[in-house]
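Engineer: Have a look at this one before I ask anything.
The values are calculated or read from the model by the stated rules, or taken from the named source; none is laboratory data. Here the structure is a predicted model, which means the values were calculated and not measured. Heads up, the Cβs are rebuilt from the backbone with ideal geometry, glycines too, and the neighbour counts pull from every protein chain shown.
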Amino acid sequence: MPNGCPTAAKQHCRSTPAGYIAANNDYLMTRQQVLDLYFMDARHKLIDLAAFLDRVDRAAGPDDFRVQAFRKALGELSSSNSDKAARVLLAFSDPTTEPIPAATTKAASGAWPGKAVEG
């Protein structure tokens, strides 16, 4: 527990750990701390996504709704919005509010096909 409270006990800690900025009773890391902690993992994921897109682009056949949703989600990553994670999730989500009468498959596809499924 260097420089302050352990992660699980932050809500019980009365002092701000060194190097952190207190905001709304949460401890926020500085940009440098976020980069130091998460950059290599994010870099790995980005390279993995690039390899996935290379495989998709080399494969024969048209894009389906999953690839279309994926590319829409990728576009959200380069926006200046501060809610990128929510926007990426919404790119894959079903925007309808009415439940379907019955499930048509036993497996999730990971993206909304873009039309109501008849039951």
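Engineer: If residue 87 meets every condition in (1) in a loop (DSSP other than H, G, I, E, B); (2) in contact with a helix residue (DSSP H, G or I) (Cβ under 7 Å, 6 or more places away or on another chain) apart from one, which number is that one?
Structural biologist: Unmet for residue 87, out of (1) in a loop (DSSP other than H, G, I, E, B); (2) in contact with a helix residue (DSSP H, G or I) (Cβ under 7 Å, 6 or more places away or on another chain): (1).
Engineer: Run residue 106 past the list (1) more than 23 Å from residue 42 (Cα to Cα); (2) surrounded by 13 or more Cβ atoms within 10 Å (Cβ to Cβ) and report the number of the one that doesn't hold.
Structural biologist: (2)
Engineer: Restricting to the range 69-103, and then to whatever is of a type in the set (A, V, I, L, M) and at pLDDT below 90, can you tell me which residue is surrounded by the most Cβ atoms within 10 Å (Cβ to Cβ)?
Structural biologist: 100
Engineer: Pairs, please: C-beta under 8 Å, at least 6 apart or cross-chain, first residue in contact (Cβ under 8 Å) with a residue 40 or more places away in the chain and in the range 39-66, second of a type in the set (Phe, Trp, Tyr) and surrounded by 11 or more Cβ atoms within 10 Å (Cβ to Cβ)?
Structural biologist: Pairs that qualify, where the first residue is in contact (Cβ under 8 Å) with a residue 40 or more places away in the chain and the partner is of a type in the set (Phe, Trp, Tyr) and surrounded by 11 or more Cβ atoms within 10 Å (Cβ to Cβ), are 65/112.
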